[in-house]
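*Asks:* Have a look at the structure that comes next, please.
Please treat every number below as a calculation from the coordinates, not as lab data. Remember, predicted model here, so these are calculated numbers, not experimental data. Cβ atoms come from the backbone with ideal geometry, glycine included; neighbour counts cover every protein chain shown.
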Protein chains: 2
Amino acid sequence: MAAISWAAMSVAAPAQAETLTLTSPDGRIAVTVKDDAGQATYAVSFNGKEVIAPSKLGMLFAEHHGFERGMAITGSARAANDTTWEQPWGERRLVRDQHNELAVTFGTETDGPARNITVRFRAFDTGIGFRYELTAQPALQGDIAIVEELTQFSVGDKTTMWYTPSDEFNRNEYIYRVAPAGEVDDAHTPSTFRTTDGTYLAIHEAALVNYSSMSLDQLRPGNFQANLRNWSGGPKVKTSAPFTSPWRTIQIADKAVGLINSDIVLNLNEPNALGDVSYAKPGKYIGIWWAMHINDRTWASNKYHGATTAETKRYIDFAAKHGFSGVLVEGWNKGWDGDWFNNGDVFSFTEPYPDYDIKGLSKYAASKGVELIVHHETSANLTNYEKQLEAGLDLVKAIGSNYVKTGYVSDAGDAVWIDDKGIRHYEYYDSQRMIDHHMTVIKAAAERQIAMDTHEPVKDTGLRRTFPNWMSREGARGMEFNAWGTPPNPPSHEAMLSFTALLAGPFDYTPGIFDLRPNERPPVRPDMPRGDPKNRPQTTLAKQLATYVTIYSPLQMAADLPENYEKRMDAFQFIKDVEADWEQSIALDGEVGQWIAMARQGRKSKEWFLGALTDESPRDVSLALSFLEPGRKYRAQIYRDGPHAHWDYNPYDIVIEEKVVTGGDSFAVHLAASGGVAVRFIPVK
Amino acid sequence: MAAISWAAMSVAAPAQAETLTLTSPDGRIAVTVKDDAGQATYAVSFNGKEVIAPSKLGMLFAEHHGFERGMAITGSARAANDTTWEQPWGERRLVRDQHNELAVTFGTETDGPARNITVRFRAFDTGIGFRYELTAQPALQGDIAIVEELTQFSVGDKTTMWYTPSDEFNRNEYIYRVAPAGEVDDAHTPSTFRTTDGTYLAIHEAALVNYSSMSLDQLRPGNFQANLRNWSGGPKVKTSAPFTSPWRTIQIADKAVGLINSDIVLNLNEPNALGDVSYAKPGKYIGIWWAMHINDRTWASNKYHGATTAETKRYIDFAAKHGFSGVLVEGWNKGWDGDWFNNGDVFSFTEPYPDYDIKGLSKYAASKGVELIVHHETSANLTNYEKQLEAGLDLVKAIGSNYVKTGYVSDAGDAVWIDDKGIRHYEYYDSQRMIDHHMTVIKAAAERQIAMDTHEPVKDTGLRRTFPNWMSREGARGMEFNAWGTPPNPPSHEAMLSFTALLAGPFDYTPGIFDLRPNERPPVRPDMPRGDPKNRPQTTLAKQLATYVTIYSPLQMAADLPENYEKRMDAFQFIKDVEADWEQSIALDGEVGQWIAMARQGRKSKEWFLGALTDESPRDVSLALSFLEPGRKYRAQIYRDGPHAHWDYNPYDIVIEEKVVTGGDSFAVHLAASGGVAVRFIPVK
């Protein structure tokens, strides 16, 4: 008879349901938890309007009775918190954790032996989080294999959704899409939503450890189920009781920027487990990197090898001269000369190429006050990296570096590990095996006081709070797509990132490309002609500067070649001046994928910086400067699009000017098509 | 460094590769098999042009070394076949199986112990098939868990693709989509393709037993990997050596109708394993079914219960009067009164409702020469059905019936089974557990000489050859979506089905709705007002008749209410006359999703029938009648769209006329917007 109409089906038996409600400190958000008809559900309202319709909770196991039916609320506990904690580095120094808590225990005695599970909810003024907590109990002995988490997010089919697809080969590196939620098959988190009455939501998770990553899978139109990434041969999660799941987070705001001005994800992570992480200093760096992406140089050790002693010295000199603390060098180690893609066991993390004098360069860098950032490309061969991990990190330390940039270039399901029988297993980059791998690396790095910047990572879930040596990562479409992507990042990309990927945490986007017409230069390598002229950053020069404020990374790259910066030292001054660590960050205004304006106060200088950027549409914006200290004057150094600027036809048209302003002023500025503005506010003494 | 450009990556080491080639009997199709760089690949060309670019072969196991790298061709064997076999019923009585065969054995001795796998290719004039064969061998002892089949289908990203999405809740019941293959995430098979130079392809599988269903998952743009459906808690397939996989089939044709005129899928199934299946007689039936979908009646046993003794008698009388061999009755058995969706353990397959006199009705039906088709809705609760299977089928036989229509209404991943510890497991409707379930049912039915019509089934893969009691099934969007679907089936639907879903096998579409404006009638049930006026078949009346020829099912329903047929006995005459079993079937002409013209010769009467139908576009078609016996005259009884017919504004405008024709004639006819034509050709003695 085929699926019948839903209307004809709803014949729910009346049941004596218990209902518990949790509200946010300001009372605007309410979570309602029920055990209606033997099923655990939650729903969320905002200002009295439902934003998450009743949605299931529960999980299923392979060899044990799970939590799905016959569930009844058997206990609950409430708590409240209002504390403030300090970050060693971050988007803001002080983070307030104010929330109300409700822990609901569901017991089930029918359909198998007695057992119970607790769902702990926390309601903040900017959203909610909840997680599952399973205690040790007689019915849940031994290894537990989670085959399905039943958590649903019923956002409504007409809710607008911004997302990247999750069931794709290129991991998280997709152009963001927008669609009615009812038409989205599968999506990574964070996914961002706007309900039909204009409330903004973002769904994500916090503290992803000892579990697999969650994506959103359309169950019925507008109702997503948590889809945990499975092991290649087995269940979705291998665990045992007691365990807790990661937190499922739903940020809620009446303006889009409210999603950015929320610390839920950090607050739901555990406190710093590492103690003093003063070695993990935020800073700016340059590197031998973009030259390979534009085919001037190679990772491989042929005559175009980028990572040579001479070239690295040139970068060290440039860094020292212009105040950069780090120099990244990719292609320094053996393994790049063959077919390394999907073949990561070729890489050595201890053997430099002969033309790279690692010891000499370390000394040279130290003498100039610069640190080398050591690159470890694993090509997602976990076993090869895990075997060499200690020796590789020891070498980093031996040459006096505190930083490693890792890479996991491979297709989404191709992270390789080899078991003790020698059998190769291929896992997803966001599977539990990979989550475990990343923690192994982070902990080994922490033991050696090394900070990590992970590329092709699992998405950030706020673990930098607990492990502050995990400073930055990739996890979205970065600048390199502008070198060779098909298509390159569209003009909306940076305005999209702020409201989506960046809700997860820092993103090493590697901004600051000044050569906006690379095709006009002759090719360096005869075997590699310049590619498509469309392959360039689709922004104005001023917008490149703006991204240093809108995109947060405590390790912030100036990604272009030194010679390209030397041609435009006037604009480069902003990159030299801008900080990478913040006392405060405020999202001022914007709209998802259209435009964003951020203000940040430098942690060291206490100077303020402002960045605003727009998509393809030119835009006149007026921003209140009320974030500035009242009554104080500031010299505003402004880098804005010139009157004829346009990302495609005239990207270099920039006006650099200085004005004196106060917090009472409004700052009105024109943003060109895919343009932007960057401002440094220097307090007048 | 993020994913880098593919161009920069291809540094394949030169290797001494072996190449084997297999061609079709007519020489137009060539399969090339290689072991290039330790990888097993195949490629397919048609008329000298590549239609499948080199694509990987192989599979990975959980606990054993798999077949992926270090593979070398270690042996091969060739064969050829040209035989003709007879179907007990079918689209054609005689099927020719003419093919060339190449079995290639790949051995691997690096990366684990010595082991080998054979890939058997068959090349027909209309496409190719291949399967994996694993022999018992020392390195592959014990249970084998397949975690990935590495088979790729590299069709090219610009190839046009018609498909339904596979990672969705509603199983196979989606409106077909069309997109460049490079933009398709996941797709069911059969999927249909048109390459940029106009060659048509269809990818599917044959003989799906002891395995899980294959869908197509985009690996890189235009390159799909076989995606086997996984067990909820485990791998994709649980097996042990020796085993063979289902056949992967690629149909190839230079015209779209060439895909239909191909018997590859049947030919790649094993011969009839059941012997005499004369009990499985093709025929036409009516039933108590549409009345529930349009909310006149209910499955539940309230005052609007459809399956009452009196109502069933009325249907039996109508069937007997008009020559229908079967009457389907849904809602006869206990279980429909509560919340049965996702709760299938409520169903009894032996207990009729008190208002349904099963014994009396059986006798009454027998006295009228009509058979009751017994309905078993399982709501995908496998354990509940398996427990009652023998008793349920025994009852069918006891009342003198030979037919069961099963139903598996549930969400895609919600097929329930309960293990011996009482733990509930939820599997996909096309997982190995479900494949096994269907075989259990088919075999139990065969033991009792019962024929099956499975709704919400796994897709057909030609198993009707081996188990000819598995007569029909659903597996695509059926007529009921026109009662309540959002949206209903579009005007292109029937012209799409012929080139897509119907390539798999018979489809119990349940055609023949004559009441094309159900909303103009007052509602029968006060609690159920008529729904959206858009909920109606979006066709003309003549197109409803045409579907009896274009859509093949050996059990073909006249789905509307008797009283609706009684209003239009002139058009109904075609449904009375048309056969459901065929001596021959010929797809004459058409284009995917636009229009189709089919001719079929009745197996009993030897009369020919022609059906042609179109999508939203009106169309003037001219069809050569060369399928008719040369030199013979036929009375052509024509049911065509009237001059003012239009599916939306004037669906009932039909012209019924008779002409005398011969095989030398062309038949020119106008098809209205979503219109059609049906013709019966009666040989003049």
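*Asks:* Arrange A:Asp641, B:Asp157 by Cβ neighbour counts within 10 Å, fewest through most, would you? Write out the running numbers ahead of the final one.
*Replies:* Working: A:Asp641 30, B:Asp157 16.
With the sparsest Cβ surroundings first, the list reads B:Asp157, A:Asp641.
*Asks:* To the nearest 20 debye, what charge dipole does chain B have about its Cα centre, counting +1 at the Cβ of each Lys and Arg and -1 at the Cβ of each Asp and Glu?
*Replies:* Roughly 1540 debye for chain B.
*Asks:* May I pose another question? Taking every eigenvalue of the Cα gyration tensor of chain B, multiplying by 5 and rooting it, what semi-axes result, largest first, whole Å? Before the final figure, lay out the partial values.
*Replies:* Working: eigenvalues 352, 192, 104 Å².
Each semi-axis is √(5λ); the values are 42, 31, 23 Å.
*Asks:* For A:Asp665, place a label point 7 Å from Cα along the Cα-to-Cβ direction in every copy; what are the distances to the other copies, in nm, shortest first?
*Replies:* Those label-point separations list as 9.0 nm.
*Asks:* Please compute the average number of Cβ atoms from other chains found within 10 Å of each residue's Cβ in peptide B:287-297. Could you put the intermediate results ahead of the total?
*Replies:* Values: counts 0, 0, 1, 0, 0, 3, 5, 0, 3, 0, 0.
Partner-chain Cβ atoms within 10 Å, mean over residues of B:287-297: 1.
*Asks:* Still on this structure, please answer the following. Please order B:Thr500, A:Thr466 by the number of other Cβ within 10 Å, starting at the fewest. Working shown, then result.
*Replies:* Working: B:Thr500 23, A:Thr466 17.
Fewest to most other Cβ atoms nearby, the residues stand as A:Thr466, B:Thr500.
*Asks:* Under a point-charge model restricted to the Cβ atoms of Lys and Arg (+1) and Asp and Glu (-1), what is the dipole moment magnitude of the range B:540-608 relative to its Cα centre, in debye to the nearest 20? The partial results should precede the final answer.
*Replies:* On the way: 8 positive and 11 negative charges, 16 e Å.
Using only the charged Cβ atoms, the result is roughly 80 debye.
*Asks:* Next up: Considering only DSSP states other than H, G, I, E and B, which trypsin sites (Lys or Arg not before Pro) in the range B:153-194 qualify as loop sites with at most 14 other Cβ atoms within 10 Å? Walk me through the numbers on the way to the answer.
*Replies:* Working: sites: B:Lys158, B:Arg171, B:Arg177, B:Arg194; in loops: B:Lys158, B:Arg171.
Here the trypsin sites (Lys or Arg not before Pro) that fit, given the DSSP loop and packing criteria, are B:Lys158.
*Asks:* Averaging the inverse of every distinct alpha carbon separation and then flipping it gives the Kirkwood radius. What is it for the range A:272-475, in angstrom units? Mind showing how you got there, number by number?
*Replies:* Numbers: mean 1/r = 0.0581 Å⁻¹.
When all Cα pairs of the range A:272-475 are included, the Kirkwood radius is 17.2 Å.
*Asks:* Please arrange B:Thr23, A:Thr406 by counting, for each residue, the other beta carbons lying within 10 Å of its beta carbon, fewest first. Numbers along the way, then the final one.
*Replies:* Details: B:Thr23 15, A:Thr406 23.
Fewest-to-most Cβ neighbours within 10 Å comes out as B:Thr23, A:Thr406.
*Asks:* List the distances, in nm to one decimal, from the label point of A:Asp419 to the label points of the same position in every other copy, shortest first, placing each label point 7 Å from Cα along the Cα-to-Cβ direction.
*Replies:* 1.7
*Asks:* Please report how far the C-alpha centroid of the range B:612-667 lies from that of the range A:464-482, rounded to the nearest whole angstrom.
*Replies:* The range B:612-667 and the range A:464-482 have Cα centres spaced 66 Å from each other.
*Asks:* Of A:Gly512, B:Tyr509, A:Leu140, which is farthest towards the positive pole of the protein assembly as shown's charge dipole, taken about the Cα centre with +1 and -1 on the beta-carbons of Lys, Arg and Asp, Glu respectively?
*Replies:* Final value for the positive-end residue is A:Gly512.
*Asks:* Let me ask something else. Given the Cα atoms of the protein assembly as shown, and with Rh set as the inverse mean 1/r over their pairs in the Kirkwood sense, what is Rg to Rh to two decimals? Walk me through the numbers on the way to the answer.
*Replies:* Values: Rg = 33.7 Å, Rh = 33.9 Å.
Here the Rg-to-Rh quotient is 0.99.
*Asks:* Percentage of Cα-Cα pair distances in the range A:43-158 greater than 17 Å, rounded to whole percent?
*Replies:* On the way: 4338 of 6670 pairs.
I get 65 percent for the Cα pairs in the range A:43-158 exceeding 17 Å.
*Asks:* Here's another thing I want to ask about it. What's the Cα-based Rg to Rh of the range A:212-294, Rh via Kirkwood?
*Replies:* Numbers: Rg = 19.4 Å, Rh = 18.0 Å.
Ratio value, two decimals: 1.08.
*Asks:* Which aspartates and glutamates have a Cα less than 12 Å from the Cα of B:Lys236, not counting those fewer than 8 places away in the same chain?
*Replies:* Reachable aspartates and glutamates: B:Glu148, B:Glu149, B:Glu427, B:Asp430.
*Asks:* Then there's this: About the Cα centre of the protein assembly as shown, how large is the charge dipole given +1 on each Lys and Arg Cβ and -1 on each Asp and Glu Cβ? Please answer in debye to the nearest 20.
*Replies:* On the way: 138 positive and 176 negative charges, 162 e Å.
Roughly 780 debye for the protein assembly as shown.
*Asks:* Using a 7 Å offset from Cα along the direction of the beta-carbon, what are the separations from A:Lys49 to the same position in each other copy, nm, ascending?
*Replies:* Label-point separations across copies, in nm and ascending: 5.4.
*Asks:* Find how many whole Å separate the alpha carbon centroid of the range A:58-126 from the alpha carbon centroid of the range B:232-265.
*Replies:* Rounded to whole Å, the Cα centres lie 46 Å apart.
*Asks:* I've got another one for you. Using DSSP, restrict attention to beta bridges with both residues in the protein assembly as shown and report what percent are antiparallel, rounded to the nearest 5.
*Replies:* Numbers: 280 of 330 bridges.
Antiparallel bridges make up about 85 percent of those DSSP assigns within the protein assembly as shown.
*Asks:* A further question on this structure: For B:Lys321, give me every one of the lysines with a C-alpha distance below 21 angstrom, ignoring sequence neighbours fewer than eight places off in its own chain.
*Replies:* Counting by Cα, and skipping residues close in sequence, B:Lys321 has these lysines nearby: B:Lys281, B:Lys284, B:Lys313, B:Lys363, B:Lys368, B:Lys567, B:Lys576, B:Lys604.
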